[in-house]
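Engineer: Attaching a single structure in structure tokens format; questions to follow.
Read-outs: derived from the displayed coordinates by stated rules, not from any lab. Keep in mind the model is a prediction, meaning the values are calculated, not measured.
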Amino acid sequence: MGDRKPVESPPLGPGAPERDTAEVYGTHEIEERFKDLADPLRDIPDDADVGAEGVFEDSHIGEVLESLDRDLIALAEVKARIGEIAALLMIDRLRRRIGLEADVPTLHMSFTGNPGTGKTTVAMKMGQILYKLGYVRKGHLVTATRDDLVGQYVGHTAPKTREVLKRAMGGVLFIDEAYHIYRVDNERDYGQETVEMLLQVMENQREDLVVIMAGYKGHMDRFFSDVPGLSSRIAHHIDFPDYSVDQLMDIALLMAESQRYRLAPDAEKALVEYLELRMTQPRFANGRSVRNALDRFRMHQAIRLYKSAERGRKLTKKDLVTIEDEDIRQSRVFEGGVYSLDSSEERPDPS
Amino acid sequence: MTTGVRITQGTFSYLPELTDDEIRAQIQYGIDNGWAVAIEFTDDPHPRNVYWEMWGMPMFDIEDAAAGLFEVNRCRKAHSNRYIRVSLYNATLTKQTIALQFIVNRPPHEPGFRLHRQETTDRIVRYTLEPYAARDPHGERYDGSE
């Protein structure tokens, strides 16, 4: 092969001899041909100002992150991840402004964590955040479960899934308890079709919608190992940890404040005790339990006020906004729990 | 073979073919006005043929034009050599009509129309247009390569 002359068009196909591209074409020609690729920005000086301030202000990124910090208690890891995503999207926008093209980043996410740890709340906010950052065009959230995606009979699944995907385009598709979609033990389950369509859209229409899958950690892990290729298409796996008592207290106070209630000093102490007890009892659902508890306390307060008004006492504004110690201590949680061993019957709501 | 006739109808009949980005922008305009997006197709190019076949259900609940374009592309894939149009329907009471309608796909070759002259009584001539494509049965028109 040594003294063979370089040919104009090298033979192709499986039988073609292997040669360096440089040997065939000559190094000069290669440089000439690919000089555009080598430096697409040679007309822009390296120290050119890219106008970062304007983009930063336009995106309201500071505002968004601030409100996230204010409205969500704890979840430091989640916030940090959202901050990273926000930064990436902003830098991406700056890069595009001076002509540096890059692929649209994958923003599909999976939220894992125990019940009531804020997965849905964060997903709801995510739509707005991505909209403000200019990643999605509308920013609405479409929530779907297995029922909305998987059909009942042959040929039913694809149109159903497609409807949901179409509705979510321009925004965020939130699939709650995503592991229900696919049942590995039943090979005739129609969920497989849904998964295939999801995978396809997640890959090909990244700029049209963001998919967020949520569920309990163990189940989700099994789901991802059952469906090869899904986990790798999700760029952000975010785990939502359980809250501590202090964090639950903060959540309770924030919730009470947003509903225009106040806790009497005694009541706050009672609430701490309540939460400590409740956490050890079964079916504890973090933030959701706190919300349910607050609803119960409001009912207890309403009955207390109603009775005292019946006895002829005048009610003041202070009465209406304050939750007292006794409203909380009435709870069955203080009597050793809602699901104590002697009561085998199920009761609807633990509070 | 002659060049045939490029059939035009609808809102942008005087314009060259819309690009995908332009189609997307028009659909978005319709969605922002609260209009429903419907996609229809046919292989009968006669101008009086108003009832085209529907491609799926009209889309009342989409937020973004990407969903409309998604269906346009699916329809193009299934019926590449038929006419496809997008209709934006205004369902407001007292309007209830198509607000915007434009062709987004056409067969690669459009043979055009034959002019029939029918001699009737008293030297009266009646004129009729017949699409050459309609000589073939429904579903086998435009090269029949469905």
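Engineer: For helix B:65-78, report the angle its Cα long axis makes with the longest principal axis of the Cα atoms of chain B; keep it between 0 and 90° and round to the nearest 10°.
Structural biologist: Relative to chain B, helix B:65-78 is tipped by roughly 40 degrees.
Engineer: Tell me the Kirkwood radius of segment A:152-235: reciprocal of the mean inverse pair distance over distinct alpha-carbon atoms, in Å.
Structural biologist: Every distinct Cα pair counted, the radius reaches 13.2 Å.
Engineer: While we're on this one: Report the semi-axes of the equivalent ellipsoid for segment B:20-111 in whole Å, largest first, where each axis is √(5λ) for an eigenvalue λ of the Cα gyration tensor. Write down the numbers at each step before the final one.
Structural biologist: On the way: eigenvalues 96, 49, 22 Å².
Taking √(5λ) for each eigenvalue gives 22, 16, 10 Å, largest first.
Engineer: Note down, for segment A:194-351, the three equivalent ellipsoid semi-axes (square root of 5 times each alpha carbon gyration tensor eigenvalue), biggest first, whole angstrom. Spell out each step's value before the answer.
Structural biologist: Details: eigenvalues 357, 78, 38 Å².
So the equivalent ellipsoid measures 42, 20, 14 Å along its semi-axes.
Engineer: Let a ≥ b ≥ c be the square roots of the eigenvalues of the Cα gyration tensor of segment A:78-133; is it rounded (a/c under 1.5), or, if not, prolate (a/b larger than b/c) or oblate?
Structural biologist: On the way: a/c = 3.01, a/b = 2.62, b/c = 1.15.
Because a/c hits 1.5 or more and a/b exceeds b/c, segment A:78-133 counts as prolate.
Engineer: Something else about it: Plugging the Kirkwood radius over Cα pairs into Stokes-Einstein for segment A:216-279, at a temperature of 25 °C and a viscosity of 0.890 mPa s, what D comes out in µm²/s? Please list the in-between numbers first.
Structural biologist: Values: Rh = 14.8 Å.
Translational diffusion coefficient: 165 µm²/s.
Engineer: Under Stokes-Einstein, with the Kirkwood radius over Cα pairs standing in for Rh, what whole-number D in µm²/s applies to segment A:52-240 at 25 °C and 0.890 mPa s? Could you put the intermediate results ahead of the total?
Structural biologist: On the way: Rh = 17.2 Å.
D, rounded to a whole number, is 143 µm²/s.
Engineer: For all pairs of alpha-carbon atoms in segment A:231-323, what percent lies in each bin of width 5 Å, listed from the first bin to the last filled one?
Structural biologist: For segment A:231-323, the pair-distance distribution reads 3, 12, 20, 20, 14, 11, 8, 6, 3, 2, 1, 1, 0, 0.
Engineer: Further question on the same structure: Report relative contact order for segment A:189-314 in percent, whole number only (criteria: Cα-Cα under 8 Å, sequence separation at least 6). If you can, show how the numbers build up before the last one.
Structural biologist: Values: 37 pairs, mean separation 25.0, N = 126.
Across segment A:189-314, relative contact order equals 20 percent.
Engineer: On to the next question. Taking the C-alpha atoms of the protein assembly as shown, how large are the radius of gyration and the largest Cα-Cα span, Dmax, in Å?
Structural biologist: Answer for the protein assembly as shown, Rg first and Dmax second: 32.1, 114 Å.
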